[in-house]
Amino acid sequence: MTHSRNGNLFFLIGLVVSLSASMVFADDEDRDYSHGEDAQEFVHGSPETISEPWLLAAGGRIYDNWADALDRELPESTHPAYPASSKQSGSTTWRCKECHGWDYRGAAGIYRDGSHFTGIKGIEGAIGMPEPAIAALLRSSVHGYTPDMISDDEMPRITAFVTRGQVDVSKYIDLSNRAVIAGDATVGRGVFQTVCAACHGFDGKRLDWGEGDDHAYVGTEAAAAPDEVLHKILSAHPGVEMANLRAFGGDIAADVLAYLITLPEK
């Protein structure tokens, strides 16, 4: 199968990653998303010769949750630069996305109000900035990411993502109401059924992040937070054995998102 946006789309099948023995399914009780030792290199390591798509996706996972992405622990304390008037606290405040948002626009985007509002601007202004300047900002006292948190060898992943890995989420999602506004669900169905369904199942219900009868399948998550799901389609969820579509760009990712919102939410 090919698609005008990318004639190499059929190579997506090569991205399918085997489920490790510890992968969690909807009927598991503990929902522990740990992975086996055989997956350690794929989840937390890096290839010998790094490609641009791998670099940007790895940076996107650091942006999401650097501790899970890099096999470390988030601090238990609240980030010193996190506004005292805002509603979060503790380890989650150390995640880049917590202040800057899944749409990368911070207070100017979806996080302009609600439980994640901080008043902090997004990172879209850093597009095209020199990577050393971005690294210096992340090492500064404002951000406070030490080499023990993100090493000097790992820092190029997040700086690459910030300077050239962001997509314009507003092309695909209405930032005023989180409605999906673009994407070809028919194309997305083909990608999902040949790649994503290996882990999520054809109906999207094989993995469940909910509690008890309050299910949270991939269709549930896509409907509620499509900006977050779009980010994870492009970069994968940190700390788990998940394929991503970074090599195929935002339009293909949006096709998959358009299909995900047709899947069962319950």
If I build a Gaussian network model for the chain, linking alpha-carbon pairs within less than 10 angstrom, which residue out of ILE50, ILE123, ILE233 has the largest mean-square fluctuation? ILE50
To the nearest 10 degrees, how steep is helix 155-164 against the longest Cα principal axis of the chain, on a 0 to 90 scale? 70 degrees
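In percent, how large is the relative contact order of the chain, given Cα pairs closer than 8 Å and 6 or more residues apart? Numbers along the way, then the final one.
Working: 454 pairs, mean separation 64.9, N = 266.
Dividing the mean separation by the residue count of the chain yields 24 percent.
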Top of MET155, MET129, MET242 by mean-square fluctuation, Gaussian network on the chain, Cα under 10 Å: MET129
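Please list, by residue number, every one of the GluC sites (Glu not before Pro) in segment 76-166 that is coil in DSSP and has at most 15 other beta-carbon atoms within 10 Å.
On the way: sites: GLU76, GLU98, GLU124, GLU154; in loops: GLU76, GLU154.
Answer by residue number: GLU76.
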Would you mind classifying segment 51-166 by shape? Square roots of the alpha carbon gyration tensor eigenvalues, ordered a ≥ b ≥ c; an a/c under 1.5 is rounded, otherwise it is prolate if a/b is larger than b/c and oblate if not. oblate
ASP71/THR49 FRET efficiency (R0 25 Å; Cβ-Cβ; nearest 0.05): 0.70
The value for the chain (convex hull of the alpha-carbon atoms, volume per residue, Å³) is 134 Å³
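In nm², what is the average projected area of the convex hull enclosing the Cα atoms of segment 125-211?
On the way: hull surface 37.7 nm².
Orientation-averaged projected area of the Cα hull: 9.4 nm².
Laboratory data are not the source of any read-out in this text; all were calculated from the coordinates shown. Computed from a predicted model, the values in this text were never measured in an experiment. We place every Cβ from the backbone using ideal geometry, glycine too, and count neighbours over all the protein chains shown.
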